[in-house]
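First the structure, in the form of structure tokens, and then the observations on it.
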Amino acid sequence: MASSSGLEIASIDAGYGAVRVLQGVSLSVPPGQTVVLLGTNGNGKTTLMRSIMGQVRPTAGSIRATLDGQTVDLLGLEPQQVVELGIVLVPEGRRLFPRLSVEQNLRLGAFRATARAKLDENLALCYEMFPRLAERRSQLVGSMSGGEQQMVALGRAVMTAPRILLVDEPSVGLAPILVSRTMEMIALMKERLGLTVLMAEQNFHQAVKIADRGYVIVHGHIEFEGKSAEALQDNELVRQVYLGL
Ligand SMILES: Nc1ncnc2c1ncn2[C@@H]1O[C@H](COP(=O)(O)OP(=O)(O)O)[C@@H](O)[C@H]1O
Ligand SMILES: [Mg+2]
């Protein structure tokens, strides 16, 4: 399935009251690509994700999505309206309901109107892509491992029938082998659902495995744009400042 959905972020400023976080951030997520936003803690990755979702209000710039050839201005929309357009965020820390089962968590993902109509179909797709979730469908999410919980969080995103997937630091708290599997799951979801993906990550080596291009964010500025995974790997700033090589 090919994607025709993308994102264009131009010169946004955003923050929290007097705290300025993003300053003049521009970033492009072309249809069908996986773009990675690299940066260490506190540099503004989550603020950018939340700005796209309408959870943080930028004070300047623009955020536009192209969905099936139609361009939509996202600034000023409520988070619920952004979700209705088919843009979903898998938040940092996953934010699942620990006292509900896997299947209850998944079903809660299907709240937007178009997704509700396809609930059974998407649930079957989730279980086909992630067989472990089918085996564990009645298990309480709070009793699962971090890697399994990340799988539930990704599955819940599948239930919203998204076109653009935002994933905020999926590697946090996971052992290296599970980080690697999580990247594979994201790549599989992208392939199966024909998604366009923007992923925030600190784990350069793992993220770059599935990235078509990437940006490095430092103190709320985009410091480097790599138009390919190789360009990111070869960059001196990335090597010295970010990777500490
Ligand atoms: N709700 C908030 N109120 C005030 N400052 C915040 C809030 N959330 C984040 N910040 C600040 O914004 C900056 C960027 O944070 P964040 O976007 O979470 O970065 P990252 O996701 O890259 O770790 C940090 O300095 C952080 O302390
Ligand atoms: Mg963050």
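No lab work stands behind these numbers, since they all come straight from the coordinates. Note that the coordinates shown come from a computational prediction; the quantities given were computed from them, not determined experimentally. Note that each Cβ is placed from the backbone with ideal geometry, even for glycine, and that neighbours are counted across all protein chains shown.
Since only Val197, Ala187, Gly109 are under comparison, the one whose Cα sits farthest along the positive direction of the charge dipole of the chain, derived from C-beta charges on Lys, Arg, Asp and Glu, is Gly109. About its Cα centre, the chain has a charge dipole of approximately 620 debye under the convention of +1 per Lys or Arg Cβ and -1 per Asp or Glu Cβ, with nothing else charged. So, R0 is 22 Å and r is the distance between the beta-carbons of Arg64 and Glu225; what FRET efficiency does that work out to, to 0.05? Using R0 = 22 Å, I get an efficiency of 0.75.
Among Lys118, Lys190, Lys45, the residue with the largest mean-square fluctuation in a Gaussian network model of the chain, with springs joining Cα atoms closer than 10 Å, is Lys118.
Check cross-link reach from Lys190 to the aspartates and glutamates: straight Cα distance under 13 Å, and skip same-chain residues fewer than eight apart. Candidates past the 8-residue exclusion: Asp212. Per the Cα gyration tensor, the stretch 1-133 maps to an equivalent ellipsoid with semi-axes of 28, 19, 14 Å, ordered largest to smallest. Taking Cβ atoms as reference points and 11 Å as the exclusive limit, the residues near Arg132 contribute a net charge of +1, counting Lys and Arg as +1 and Asp and Glu as -1. DSSP beta bridges confined to the chain are antiparallel in about 55 percent of cases. Full extension of the chain between Ala117 and Ile177 gives 18.0 nm of extra length, using 0.36 nm per residue less the Cα-Cα distance. Over the Cα atoms of the stretch 141-245, the radius of gyration divided by the Kirkwood radius equals 0.99; this is the Rg/Rh ratio.
Any chance you could list P(r) for the chain, counting all Cα-Cα pairs in 10 angstrom bins from zero, rounded to whole %? Going out from 0 Å in 10 Å bins, the chain shows 8, 33, 37, 19, 3, 0 percent. Springs between Cα atoms under 10 Å define the GNM used for the chain, and in it the highest mean-square fluctuation of Thr182, Thr160, Thr59 occurs at Thr59. Summing Lys and Arg as +1 and Asp and Glu as -1 over all other residues whose Cβ lies under 12 Å from the Cβ of Ser62 gives a net charge of -2. Taking other Cβ atoms within 10 Å as a rough exposure proxy, Tyr215, Tyr16 sort from fewest to most as Tyr16, Tyr215.
When Phe130, Phe224, Phe111 are sorted by how many other C-beta atoms sit within 10 angstrom of their C-beta, beginning with the fewest, the order is Phe111, Phe224, Phe130.
Given +1 at the Cβ of Lys and Arg, -1 at the Cβ of Asp and Glu and no other charges, the dipole of the stretch 169-213 around its Cα centre is 80 debye to the nearest 20. Please identify, among Ile52, Ile177, Ile87, the residue showing maximal mean-square fluctuation in a Gaussian network model of the chain using a 10 angstrom Cα cutoff. It is Ile177.
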